[in-house]
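Engineer: One structure coming up, written as structure tokens, with questions to follow.
The values are calculated or read from the model by the stated rules, or taken from the named source; none is laboratory data. For clarity, every value in this text was computed on a predicted model and none was experimentally measured. Here the Cβ positions follow ideal geometry from the backbone for every residue, glycine too, while neighbour counts run over all protein chains shown.
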């Protein structure tokens, strides 16, 4: 959601240059519950105003602090927490493009599911235009454009 807002405001946002820590994934791997249950479990409090931006953000931060205290094998390190909490191999946020076992970007939906994006753009050039012209997230379109431009640069 944040990346979409940045792109709407013409602020460049590159997923590959960021590390993410998903406290919900850590929680699900360790306890299998919701944010409200996590807050109760880790912080011994009821989450007031659940699903409000401020309350959820504050609760998420406090849950991460408590997780780091509770699980001694979790290191307070951005890279390690990002790796531990990674749930997918998404290239874009919504998982329309993922990395396959060879770390190649492939489509993760539709008629080209599992097919490398660059191969699709070469065999079916109109597919890029179709995706750009339809209701896909802006970040997905940004990723697609970067892959397309990378393909042009390879042809030189």
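Engineer: Just give me the residues in region 7-28 being loosely packed, with under 12 Cβ neighbours inside 10 Å and not in a loop (DSSP other than H, G, I, E, B), in sequence order.
Structural biologist: Across region 7-28, the qualifying residues are 8, 16, 17.
Quick grid of which residues meet (1) modelled with pLDDT under 95; (2) crowded, with 18+ Cβ neighbours inside 10 Å:
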{"position": "64", "(1), (2)": "no, yes"}
{"position": "76", "(1), (2)": "no, no"}
{"position": "89", "(1), (2)": "yes, no"}
{"position": "92", "(1), (2)": "yes, yes"}
{"position": "101", "(1), (2)": "yes, no"}
{"position": "104", "(1), (2)": "no, no"}
{"position": "111", "(1), (2)": "no, no"}
{"position": "114", "(1), (2)": "no, no"}
{"position": "119", "(1), (2)": "no, no"}
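Engineer: Based on this model, can you work out whether residue 68 counts as farther than 30 Å from residue 128 by Cβ, surrounded by 14 or more Cβ atoms within 10 Å (Cβ to Cβ) and either touching a strand residue (DSSP E or B) at 6+ places or on another chain (Cβ under 6 Å) or at pLDDT 95 or above (or both)?
Structural biologist: yes
Engineer: Does residue 38 satisfy being surrounded by fewer than 14 Cβ atoms within 10 Å (Cβ to Cβ) and out of contact with any strand residue (DSSP E or B) (no Cβ under 8 Å at 6 or more places or on another chain)?
Structural biologist: Taking the combined requirement at face value, the residue does not satisfy it.
Engineer: Which one of the conditions (1) under 19 Å from the mean Cα position of the chain (by Cα); (2) assigned by TED's automatic domain parsing to the domain that holds residue 65 does residue 75 fail to meet, given that it meets all the rest?
Structural biologist: (1)
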